[in-house]
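Structure, as structure tokens:
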Protein chains: 2
Amino acid sequence: MAIEKDPSAGPTAERRAPGRRAGDHGRYGRLSRELVLTAALGLVDREGLSALSMRRTGAELGVEAMALYRYAAGKDALLDGLVEALYAELEEELAASEESPEWRDELHRIAAATYRVALAHPQVAPLLATRMLAVPLARRPLAVLRDHERVLALLNRAGLDEEATAAAFRAVNDWILGCILGDLRAMVDNPDEPDPAFRLGLHRMPARELPRLRAAAPALARRAGPEGMAVGLDALLDRFAPGAGATE
Amino acid sequence: MAIEKDPSAGPTAERRAPGRRAGDHGRYGRLSRELVLTAALGLVDREGLSALSMRRTGAELGVEAMALYRYAAGKDALLDGLVEALYAELEEELAASEESPEWRDELHRIAAATYRVALAHPQVAPLLATRMLAVPLARRPLAVLRDHERVLALLNRAGLDEEATAAAFRAVNDWILGCILGDLRAMVDNPDEPDPAFRLGLHRMPARELPRLRAAAPALARRAGPEGMAVGLDALLDRFAPGAGATE
DNA sequence: CACCATACGTTTACGACGTATATGTACACT
DNA sequence: AGTGTACATATACGTCGTAAACGTATGGTG
């Protein structure tokens, strides 16, 4: 998972080899930040964000709640850890496919990978919106900052000046996040219900006062998908990074 | 018992105004859904989402926590109520400025108003992302559905077919939400700090491994603002609602 | 070997939380 | 005057985050 070390986790002595010994608690062996985050991520994936508590995460690892505080300064830090885990997964995802020499294609590749990772963890994805608001830029996990760095480098390669780079960066990030949240919205209610219209609880919509919405609802239940995101991304890039290999 | 409460109780001691009936609770008079939501909104605006609890909201109204359950089925419903309150404010905002006959201008007007309302309640705005994921379309507050209906009607007026309408609708919504969250992000840390770069905790950013980010950070601290949102909105509309009064 | 500092997990405790349930209380009717 | 109903309170339970104090195993040092 490639989790960074928690800087708040005291003076880190060299970690022991992964051998088991007496006093080990739980089937996972000795704790580590990565184990804690993995357990938390699994718990949230399975039971949702509201099921995440220090005690339950500890139980997941066969350990008391307080044991986790060595690896995450508190519950908020644990949530931030989930974001970190997602970005770690993004880096794996990016490493798995081939890098493109074209900055625009590369942006598309990053956007698509981000989208995939986020939708693979629908319960965690909302944290991408909320935790980012609670943590200032420079305190965000390194994986997040590296992602930002990557995107900035690409825009820079496109020949944008500082101001235009910032504007394009914002546009790209905002669009990706918006698309992710929007498509998650289309999955709410019962994800197992095959009929998308029913998934949205479409019955009981007052057709009289909301005719267009009633009519459009089945179409709205469809997700934009990576394709929709890509189309919009191109549209935004054409506007915010003009003259630099625009589509059409 | 309502009549003989402890008369020395702080905020409730002087709360009975002349002309009120005995049995009134709190300086706001009898409870109502609107009062509850207003109190909750005020509390969150002042102290943040984490300060919102049934007990504290009740205290705000001079009432026990359980009294709120008549007006909001539980804490989640209270959060949904905050979203509802925001959309109610949006409707006021829209009523305050003049409607445009041009569908595209009208979309801009709606987007700008949404942006204003959201940024006016930075602590509440994240709920626009999170609660929408917890509530299926048809169960969302009426004010939300009316907003959707308005936007759909405008796109319909632009002559889009059903599929294109849905795609454009998603794009518009996703973009607005993304812009709102992105600009809120630029306000985190210390909102009173006049220097935007410092607001982001820019000190302590490892300049070695993140050169572009370090250089771009001051620019990133600036918000896109309604202008940035408007530019992107036009770009998206040009792509998703082609041939219908495109800019340039 | 003996000794100890340190890293790591547990125990205990406290106050706040959401909310189910049962219990008043005041008002609108007859 | 009596009664049903709408409304708020009182009480209680289980869970939460986490501060503080406490063991205990480990690996480095004499």
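The values are calculated or read from the model by the stated rules, or taken from the named source; none is laboratory data. These figures come from a predicted structure and were not determined experimentally. Counting neighbours? That spans all protein chains shown, and the Cβs are built from the backbone with ideal geometry, glycine included. Calculation scope for accessible area: heavy atoms of the full protein, side chains included, ligands and nucleic acids excluded. Shrake-Rupley method; radii C 1.70, N 1.55, O 1.52, S 1.80 Å.
Please compute the contact order of the stretch B:32-173 in relative form: average sequence separation of alpha-carbon pairs under 8 Å and at least six residues apart, divided by the residue count, as a percent.
Averaging sequence separation for qualifying contacts and normalising by length gives 23 percent for the stretch B:32-173.
Put B:Leu152, B:Leu142 in order of accessible area, largest first, 1.4 Å probe: what do you get?
Correct descending sequence by accessible area is B:Leu142, B:Leu152.
Give a residue-ordered list of calculated ³J(HN,Hα) values for the stretch B:99-109 (Karplus: 6.51 cos²θ - 1.76 cosθ + 1.60, θ = phi - 60°; whole Hz; x for Gly, Pro).
6, 9, x, 7, 4, 5, 4, 5, 4, 4, 5
Just to check I understand the Karplus step: with θ = phi - 60° and J = 6.51 cos²θ - 1.76 cosθ + 1.60, what whole-Hz values come out for the stretch B:126-139, glycine and proline as x?
x, 5, 4, 7, 7, 6, 4, 7, 9, 10, x, 2, 6, 9
Using a label point 7 angstrom from Cα along Cα-to-C-beta, what distances in nm, from shortest up, separate B:Arg30 from the other copies?
In nanometres, ordered from closest: 6.7.
Which of rounded, prolate or oblate describes the stretch B:33-113 when judged by the alpha-carbon gyration tensor and an a/c cut-off of 1.5?
It is prolate, given that a/c is not under 1.5 and a/b is the larger ratio.
Nm distances between the label at B:Glu102 and the same-position labels in the remaining copies, 7 Å along Cα→Cβ, shortest first?
3.4
Looking at the square roots a ≥ b ≥ c of the eigenvalues of the Cα gyration tensor of the stretch A:96-175, which shape do they give, rounded for a/c under 1.5, prolate if a/b is larger than b/c, or oblate?
It comes out oblate by the Cα gyration axes.
Take the alpha carbon gyration tensor of the stretch B:33-72, find the square roots of its eigenvalues, order them as a ≥ b ≥ c, and report rounded if a/c is under 1.5; if not, report prolate when a/b exceeds b/c, else oblate.
It is prolate, given that a/c is not under 1.5 and a/b is the larger ratio.
Please compute the contact order of the stretch B:33-72 in relative form: average sequence separation of alpha-carbon pairs under 8 Å and at least six residues apart, divided by the residue count, as a percent.
Reported as a whole number, the value is 38 percent.
Per-residue HN-Hα couplings for the stretch B:73-79, Karplus 6.51 cos²θ - 1.76 cosθ + 1.60 at θ = phi - 60°, whole Hz, x for Gly and Pro?
5, x, 5, 4, 5, 5, 4
Placing the label point 7 Å from Cα along the Cα-to-Cβ direction, what are the distances from B:Gly225 to the equivalent spots in the other copies, shortest first, in nm to one decimal?
The answer, with the shortest distance listed first, is 3.9 nm.
Excluding ligands, DNA and RNA, what is the solvent-accessible area per residue of the stretch B:33-72 at a probe of 1.4 Å, expressed in Å²?
Using a 1.4 Å probe on heavy atoms only, each residue of the stretch B:33-72 averages 52 Å².
Modelled label-to-label distance, B:Glu162 and B:Ala65, 7 Å Cα→beta-carbon offset: nm?
4.8 nm
Give me the percent of the accessible area of the stretch B:33-72 that comes from carbon and sulfur atoms, probe 1.4 Å, all protein chains in place.
52 percent
Averaged over its residues, how many other protein chain Cβ atoms are within 10 Å of peptide B:208-216's Cβ atoms?
6
Which residues of the stretch B:100-134 show a drop of at least 20 Å² in accessible area when all protein chains are present, compared with their chain alone (probe radius 1.4 Å, heavy atoms only, ligands and nucleic acids excluded)?
Listed by number, the residues meeting the 20 Å² cut-off are B:Pro126, B:Ala129, B:Thr130, B:Met132, B:Leu133.
Can you give the mean number of other chain Cβ atoms that lie within 10 Å of the Cβ atoms in peptide B:138-146?
Mean shielding count: 4.
List, by residue number, every residue in the stretch B:156-171 with a reduction of 30 Å² or greater in accessible area between the chain on its own and the complete protein assembly, 1.4 Å probe.
B:Glu162, B:Glu163, B:Ala166, B:Arg170
At the nearest 100 Å², what buried accessible area, both sides summed, do you get for B and A when the probe is 1.4 Å?
5600 Å²
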